[in-house]
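In what follows, a structure is listed as structure tokens, so that the remarks can point back to it.
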Amino acid sequence: MSSIHAQYAWLGGESCSTSVRIASTNGLISKIEVDVAPSANDSRIAGVVMPGFVNAHSHAFHRALRGRTHSGLGDFWAWRTLMYQVANKLTPENYLALATAVFSEMALAGITHVGEFHYIHHQQDGKKYNDPNEMGKVLIEAARRAEIRITLLDVAYLHAGLKNEVLATEQLRFNDGSIENWLSRVEALGAPSAMHTIGLAPHSVRAVHEAELAQIAKYRNNRVVHIHVSEQPAENSACINATGRTPTQILSDAHLLGPFTTAVHATHLSAEDISFLGRSKTTACFCPTTERDLADGIGSSDKLVEAGSPLCLGTDSHAVVDMFEEARAVEMHQRLITNKRGVHRSSELLRAATTNGAASLGSNTSGLVVGAPADFIAVSTDSVRLASFDSKNGAAHLVHSATSAEVRDVWVAGEQIVADHNHRQHPNVAQALRTAIDALL
Ligand SMILES: [Zn+2]
């Protein structure tokens, strides 16, 4: 057993508790006591302890594009061309180095669990590697090296559009040929471990069609489902054009909506779509820093939550890796378009960045509760940004003032992997990122 004694801890409400003792046994939280004096063996932690962040939507290799595409002209589709160029340079060797560095950057930012939406499966010409799951296993290994949990959201990408457009050369790496081939490759990834699980990720309704989506619903086998939904207006109009229905309606008809599914982005939804998602308790995953970078638009987080959809968050293209910024952006974007403040409570935004994300990746128990994995972080209140921290408004201080730079210590499964801003396995993550990205570009 190990134990920490935190000056403050965020246990789920609007305020933070003081003098909180958290004990862990075999990687799980075994006891939480509030307002107690430290015991002799406790590690004394200054600042605020809170659950580790869960980054529910990541494409690790997009990190290589940071700063190189952000000031460009054009729209989402122009950006996608640049992104595909990098995708086609990935090999198992260079991707292992890049993803290890990216997941280590996430660890430093307090992310203890990543949902990696993975679609670079095959060689550049579409030929399978000797092990058809080589690239997926590279990502699981990268997370192991960075010492964070991963849910590998293995992507099915079978079509270039809803009218059976032929896949472009740069999309050949994504394609398994048929839904059956994809499902059997995913099965071959084998059983999950304590640190990794596998989820199913039909890329979008344009890349996986309705009959195939229905097959996924049938063979889901308790795995979570993540899918890009209505990120772009053009995607909706193409879908309505081809099928007479919206992407959300297609998912509903394919029996793929439910608490096991996460609709990623969910930016351009009709009132009926929102009601379908809310009633079915489908989670919505917003990636605000990416969505604003790509000029996607602002989703209706307020209406989705009101309808019953839990909200979770992802850093997606890693324009920044800062889950405080993602949480803050949800509320700030709503304020700008509704002319109202306080659309989401701060505690709700912190849950979106932590426990809701864990649930969307299939965890039954998460957060600072007994029985949950002992995945938590300590946020320093010593910086200029949090120097006036008051625990009564603790959640608001965290959401509205903190950045990932305040994340000082990180524990995963009760083991401290980041101490005083240093990753115990990777002393120089910045250099690792530089080297990996230089090698790729
Ligand atoms: Zn994505």
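The values are calculated or read from the model by the stated rules, or taken from the named source; none is laboratory data. What you see is a predicted model, and the numbers here were worked out from it, not measured in a lab. Quick reminder, even Gly has a Cβ in these numbers, built from the backbone with ideal geometry, and neighbours come from all protein chains shown. All accessible areas refer to the heavy atoms of the entire protein, side chains included, with ligands and DNA or RNA removed. Shrake-Rupley method; radii C 1.70, N 1.55, O 1.52, S 1.80 Å.
What the table shows:
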{"item": "Value of Rg to Rh for the chain (Rh from inverse mean 1/r over Cα pairs, i.e. Kirkwood)", "result": "0.96"}
{"item": "Region 202-336, accessible surface, carbon-and-sulfur percent (1.4 angstrom probe)", "result": "53"}
{"item": "Whole-number accessible area per residue in Å² for region 231-317, which is evaluated in the context of all protein chains at 1.4 Å", "result": "33"}
{"item": "For region 159-174, Karplus couplings with θ = phi - 60° (6.51, -1.76, 1.60), whole Hz, Gly/Pro x", "result": "9, 8, x, 7, 10, 6, 4, 6, 5, 6, 3, 6, 9, 4, 5, 8"}
{"item": "Carbon plus sulfur fraction of accessible area for region 53-150, probe 1.4 Å, in percent", "result": "52"}
{"item": "Placed amide H near residue 111: partners under 5 Å, 5+ positions off or other chain", "result": "53"}
{"item": "Euclidean distance of C-alpha centroids, region 350-403 and region 16-58, integer Å", "result": "11"}
{"item": "Sequence-separation-based contact order of region 400-441, relative, with Cα cut under 8 Å and 6+ spacing, percent", "result": "21"}
{"item": "Gaussian network model of the chain, springs between alpha carbon atoms under 10 Å - residue of 70, 118, 344 with greatest fluctuation", "result": "70"}
{"item": "Region 85-225 - accessible surface per residue (Å², probe 1.4 Å)", "result": "36"}
{"item": "In order through region 291-305: 3J(HN,Hα) via Karplus (6.51 cos²θ - 1.76 cosθ + 1.60), integer Hz, x for Gly, Pro", "result": "4, 6, 4, 8, 6, 6, x, 10, x, 8, 4, 4, 6, 5, 5"}
{"item": "For region 73-148: rounded, prolate or oblate by the Cα gyration tensor [a/c cutoff 1.5]", "result": "oblate"}
{"item": "Mean Cα-pair separation over length for the chain, i.e. relative contact order, pairs under 8 Å, 6 or more apart, %", "result": "22"}
{"item": "Surface/4 of the Cα convex hull for region 112-231, nm²", "result": "7.7"}
{"item": "Accessible area of region 355-441 belonging to carbon and sulfur atoms, whole % at 1.4 Å probe", "result": "47"}
{"item": "Under 5 Å, built H, 5+ apart or other chain: amide partners of residue 264", "result": "227, 228, 229, 285"}
{"item": "Region 122-164: Cα Rg divided by the 2.2 N^0.38 Å rule of thumb", "result": "1.48"}
{"item": "Assigned charges on the beta-carbon of Lys, Arg, Asp, Glu; region 261-311 dipole about Cα centre (debye)", "result": "180"}
{"item": "Cα pair count fraction exceeding 21 Å, expressed as % - region 208-344", "result": "40"}
{"item": "Cut-off under 5 Å, modelled amide H: who pairs with residue 162 long-range", "result": "none"}
{"item": "Sparse-neighbourhood loop sites, GluC sites (Glu not before Pro) in region 1-103 - DSSP loop, at most 12 other Cβ within 10 angstrom", "result": "none"}
{"item": "Compactness relative to 2.2 N^0.38 Å, alpha carbon Rg of region 23-93", "result": "1.99"}
{"item": "Alpha-carbon gyration tensor eigenvalues x 5, square-rooted, for region 171-259, Å", "result": "25, 14, 12"}
{"item": "Cα-Cα separations in region 231-293 greater than 17 Å, expressed as whole percent", "result": "38"}
{"item": "Counting DSSP beta bridges with both ends in the chain, the antiparallel % (nearest 5)", "result": "45"}
{"item": "Intensity falloff of region 369-441 expressed as log10 I(q)/I(0), Debye formula with alpha-carbon point scatterers, at q = 0.26 Å⁻¹", "result": "-1.10"}
{"item": "Rel. contact order, % - alpha carbon contacts under 8 angstrom, at least six apart, region 313-369", "result": "27"}
{"item": "Hz values of 3J(HN,Hα) by residue in region 87-102 - Karplus curve (6.51, -1.76, 1.60), Gly and Pro given as x", "result": "3, 7, 9, 6, 10, x, 6, 6, 6, 4, 5, 5, 5, 4, 5, 5"}
